[in-house]
Amino acid sequence: MRQCGDCQLCCKLLPVPPLRKKAGERCRHQKFGKGCALYHRAGMPPECAIWNCRWLVNDDAADLSRPDRSHYVIDLMPDYITLQNDGDGYQQHIQVVQIWCDPKHPDAHRDPHLRAYLSRRSDEGIVGLVRYGTALEAITIIPPQMAPDDQWHELNSNACNVKQEQQHSLTDLMEAMGAPARMAVTP
Ligand code: SF4
Ligand code: SF4
């Protein structure tokens, strides 16, 4: 069984709407060295009560470091991005695994162990989406297995035909998911 120990990185990096806490903002209930002041108390948001990261539940994460050491948190909740062709309006949704990266360590997502994890996800037609806070700061990570040139690609929203949106609801996610396909992106 894995345990959070001294790690509290998700409490800083992820948004918690009931608390009006934005992504990347330290939670006001987070106490240094003590953890959550609301833990198992009334007032703890349900999002927090049921939250686990993929490292904690060891979802194919045996070779990954604890988030406070790797400086990124892999979300259990999937999301999607939209590939769009402005010429004919064609759109395709691609499922992503969300990786919340500590802005103090912006290159942490280049961890070789995370790249190996994303390579394994590509077998399921899933790519990585690194979030730093707002949607505009997101980077799509495309493994070689899903790229036309068999190379890794890091695509930000201003440099390609990938629309990186705010987090979607579960309903949106279920409606949007279609058959995975090899991506034809413009780096
Ligand atoms: S990021 Fe994961 S290991 Fe760290 S405190 Fe949150 S749930 Fe625990
Ligand atoms: S309420 Fe507690 S668990 Fe939720 S973000 Fe704040 S410190 Fe973390």
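Every read-out reported here was derived from the displayed coordinates using simple, explicitly stated rules and does not represent laboratory data. Since we're looking at a predicted model, the values are computed, not measured. Here the Cβ is made from the backbone with ideal geometry for all residues, glycine too, and neighbour counts use every protein chain on show.
Some values worked out for this structure:
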{"item": "Residues whose placed amide H lies under 5 Å from that of HIS153, excluding near-sequence neighbours", "result": "ILE142"}
{"item": "Difference of contour (0.36 nm per residue) and Cα-Cα distance, ASN156 to VAL57", "result": "32.7 nm"}
{"item": "Hz values of 3J(HN,Hα) by residue in the stretch 111-124 - Karplus curve (6.51, -1.76, 1.60), Gly and Pro given as x", "result": "3, x, 5, 5, 4, 5, 4, 6, 4, 5, 5, 5, 4, 9"}
{"item": "Net length gained if the chain between LYS31 and SER65 were fully extended (0.36 nm per residue, minus Cα distance)", "result": "10.0 nm"}
{"item": "Sites HIS40 and GLN91, calculated FRET efficiency, Cβ-Cβ separation with R0 35 Å, nearest 0.05", "result": "0.20"}
{"item": "Label-to-label distance, nm, for residues given as MET1 and LYS22 (7 Å Cα→Cβ offset)", "result": "3.8"}
{"item": "Spatial separation of Cα centroids for the stretch 1-60 and the stretch 98-135, in angstrom", "result": "19"}
